[in-house]
1. What pairs can you find where one residue is in the range 136-154 and free of Cβ contacts under 8 Å to residues at least 40 places away in the same chain, the other is loosely packed, with under 10 Cβ neighbours inside 10 Å, and their Cβ atoms are less than 9 Å apart, with a gap of 6+ or different chains?
2. Sort out which residues of the range 74-85 are out of contact with any Pro (no Cβ under 8 Å at 6 or more places or on another chain) and crowded, with 18+ Cβ neighbours inside 10 Å, and write them in order of number.
3. For the range 36-74, what are the residues that are outside any strand (DSSP E or B) and either out of contact with any strand residue (DSSP E or B) (no Cβ under 7 Å at 6 or more places or on another chain) or under 28 Å from THR215 (Cα atoms) (or both)?
4. Scan the range 107-127 for residues that are within 22 Å of GLN20 (Cα to Cα) and either of a type in the set (A, V, I, L, M) or in contact with an Asp or Glu (Cβ under 8 Å, 6 or more places away or on another chain) (or both) and report the count.
5. Filter the range 53-69 down to residues that are among the β-branched types (Val, Ile, Thr) and buried (at least 20 other Cβ atoms within 10 Å of the Cβ), then give me how many there are.
6. Suppose the filter is modelled with pLDDT of 95 or more and assigned to a helix (DSSP H, G or I); does GLN231 pass it?
7. How many residues are closer than 28 Å to SER2 by Cα and assigned to a loop (DSSP other than H, G, I, E, B) when one looks only at the range 75-110?
8. Within the range 176-186, can one find any residue that is in contact (Cβ under 8 Å) with a residue 24 or more places away in the chain and either loosely packed, with under 13 Cβ neighbours inside 10 Å or in contact with a strand residue (DSSP E or B) (Cβ under 9 Å, 6 or more places away or on another chain) (or both)?
Amino acid sequence: MSLIFEERPSDSPYVDMITQGRTLSEGSTIRPAECHWHMVFVKENGNLHPLVVGPWTSAGVTSWGGEAEILWVRFKLGTFIPHLPSKKLLNTETALPEASSSNKFWLKSCAWQFPDFDNIETFIDRLARDEVLVCDPVVDAALQDQLPEMSSRTVRHRFSQTIGLSQNHIRQVERAKYAAQLLEQGVSILDTVYEAGYFDQPHLTRSLKQYIGYTPAQIFRTSQADCHSVQDDDLLSGYHTNVLEEI
């Protein structure tokens, strides 16, 4: 057991999910591709580390140190920071400079107070009010197939500007995540190929290895083992805790 966390949705029009957690020891795990970018705030050994993370174009390994408190803010697609080019954020963790004042950091020439799990929406609202954070509604409309009259070239530019990823890449990642969810629910591999719209099983395997980091067989076997484990745990405790095991 390396990382314990809890998450909640947000009422903010800019935020998809807010997560807080703490690490019990150093660890690492395979993480999937991620089309959303995050702001991450880490408190470790009395030091504060604000980061802008991702998006991640493919699956990879993520690591963490021991005895740290972490706050993740997952932003909705189309939300971006104009002065930080989205393409330069791909597959990177960008450290934001710390201010000399306690519990503050620099973002767009202003010193901002380090937020916490309870006041993070207030922090996001301030960023939006000062236009440090903005949202492009065209991206969400395109992903919902509700795009207004607009040239395909303009749409591609808007995706590149706000996310740094193409609309097709985002759909491939989302399809892989959907397929993984089906397998986790106990749907067979062949039925998952059909339900998720893949050509055949090799096509599904390539996609999941690239975007999820595991093969369909690995995901399916793990889901069956977890199902038995959760059933046993529920008989004993009546609840389930979010825990990441290190690899």
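The values are calculated or read from the model by the stated rules, or taken from the named source; none is laboratory data. Quick caveat: nothing in here was measured; it's all calculated off a predicted structure. Because the Cβ atoms are built from the backbone with ideal geometry, glycine has one as well, and the counts that use them run over all protein chains shown.
1. That search, which allows pairs on different chains as well, returns ALA141/PRO148.
2. Within the range 74-85, ARG74, PHE75, LEU77, THR79, PHE80, ILE81 meet the criteria.
3. Of everything in the range 36-74, those that are outside any strand (DSSP E or B) and either out of contact with any strand residue (DSSP E or B) (no Cβ under 7 Å at 6 or more places or on another chain) or under 28 Å from THR215 (Cα atoms) (or both) turn out to be HIS36, TRP37, ASN45, GLY46, GLY54, PRO55, THR57, SER58, ALA59, GLY65.
4. Residues meeting the conditions: 5.
5. 1
6. no
7. 7
8. yes
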